[in-house]
Amino acid sequence: MSKPVKQVPASRRRFIKSTGASAAAVFGFQFVPSHVWGANSKPALAGIGAGGKGRADLGGSDKAGFQVVALADVVNVRRMAAGVSKSNKKYRSMEDVRNQFSGTEFYTDYREMIADMGDKIDAVTVSTPDHHHFHASALAMQAGKHVYCQKPLTHGIWEARTLTELAAKTGVKTQMGNQAHANSHMRRVIELIRAGIIGKVTEIHAWTNRPIWPQGFAKAPDKQPVPEWLDWEQWCGPAPFVDYSEYISPFAWRGWWNYGTGALGDMACHIMDMGYWALKPGAPKSVYAEENGATELSPPINSKITWEFGKSKYTGKDGLKYHWYDGYLDAHFDRDKWLLVKNSQEYNHPSEDVLEGHSFEDFGSVIVGTEGKLFFHRAKDNWVVKPNKRRDMFDPEESIPRAESNDNYREWIDAIAGKVTRGQSDFSHSGPFTEVVLLGVIAQRNPKTKLEWNAKKMEIKGRPDLKSLIQRPYRKGWEWKG
């Protein structure tokens, strides 16, 4: 017999409201250690988001050695009429997760779960839409829980900065879900770049075929009745409320500015990661974007973005230009079908001068240096160096710890257990990196305008009108005041 959904007591409702209402609560909390687990026990894990990516995060964490003891998701598949989840493949993963971890506590509100479970949990995975990443991660960390959060780390820049600071203050072990970060071949390429295999790096080109979901629409879809098994108020959470439609959840939220961060937020934390990690360029000085199809509601159908960084240890004397390309070149949004329709299979990519005869489909980034180029794909270990002779000239010693089994879930649990110092994609790395990516999101919303960035002040020079894109206001009941 399935367990009923927990109802939050009045005392806990007051706790949830108070912790969600003040950033001072975040920085005023002392580190709260979770229950002690011995050599023969497993750290207890709660999953925030049990469908979609949540299924992979919970499965990966379970395999790495966690014990899943609680789940939180706005979809309660136990309340669905027979056959509903079977007829809609998007909900099958949620049903599978509930069945796999059938003995766990279940909640539809993660704030309630964190308050209720207390020291019964050691760690959480955050596998929600982007607009919940900050609140779920911050509340968990202030309660002393280790956090694995999906990419992008947050929906906004201020949120990423705050999580980075909170992770450092509490000392909890963190990791962002850009899984390729744990691949040994990526770490080896970084060592080679730092050793000078292509000289000093002057520019990087990175690209993706995303979006493959609906994007570029100017008007919300028609309102639909909220299914009784879905907590839609909780789904909207801290972001602006919108009437329910199956064209928003469970997947198409990525194409909404209020809830997702488009193709850039979804994929750049994967594809731009190697170049950013290798060069450690710090914060960008400026960003510039060109786009096609963006609206007040939705990110563009395709775009090109350029960040400019100052000189650093591994870059050329003039600094670094980092170029990003996304989307199909000949695509449009079809409102009747609520689909992004591709008229050709060619997606946005660098010029032939950059690719030098290589297929854009075979690689995801090109690193250009003063002495050559390196072609790289995060999922493949067959990187290419031009001129080829330089590949035999460099064999630096390993300087980056390798993750066991190339597994970032394993690296996270090893950090928690003290077997390694930290996960290499912890918030000290992924927080500043996410800030770079999200500055590109702001540029997409203000195209053909060079935006000069002051990272220390967290502001765009001469553009006070963009402050709300750096630190967004939250919906009533979800306020977070500093």
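The values are calculated or read from the model by the stated rules, or taken from the named source; none is laboratory data. Quantities reported herein were computed from a predicted structural model and do not represent experimental measurements. Here the Cβ positions follow ideal geometry from the backbone for every residue, glycine too, while neighbour counts run over all protein chains shown.
Answer yes if at least one residue in the range 243-258 is under 30 Å from residue 456 (Cβ atoms) and in contact (Cβ under 8 Å) with a residue 24 or more places away in the chain, and no otherwise. Within the range 243-258, one or more residues are under 30 Å from residue 456 (Cβ atoms) and in contact (Cβ under 8 Å) with a residue 24 or more places away in the chain. Filtered by the rule that a residue be among the hydrophobic types (A, V, I, L, M, F, W, C), within 12 Å of residue 193 (Cα to Cα) and modelled with pLDDT under 95, the range 384-398 gives a lone residue, 394. For the range 446-482, a residue qualifies if it is assigned to a loop (DSSP other than H, G, I, E, B), closer than 19 Å to residue 239 by Cα and more than 19 Å from the chain's Cα centre (by Cα), and the qualifying residues are 473, 474, 475, 476, 477, 478, 479, 480, 482. All conditions in (1) touching a residue at least 60 places away in the same chain (Cβ under 8 Å); (2) at positive phi hold for residue 356, with the sole exception of (1). With respect to the conditions (1) in contact with a strand residue (DSSP E or B) (Cβ under 7 Å, 6 or more places away or on another chain); (2) assigned to a loop (DSSP other than H, G, I, E, B), residue 103 lacks only one, and its number is (1).
Only one entry of 264, 279 meets the criterion of being crowded, with 24+ Cβ neighbours inside 10 Å and modelled with pLDDT of 95 or more, and that entry is 264. Residue 423 meets all of the listed conditions (1) crowded, with 23+ Cβ neighbours inside 10 Å; (2) modelled with pLDDT under 95; (3) small (Gly, Ala, Ser) but one, namely (2).
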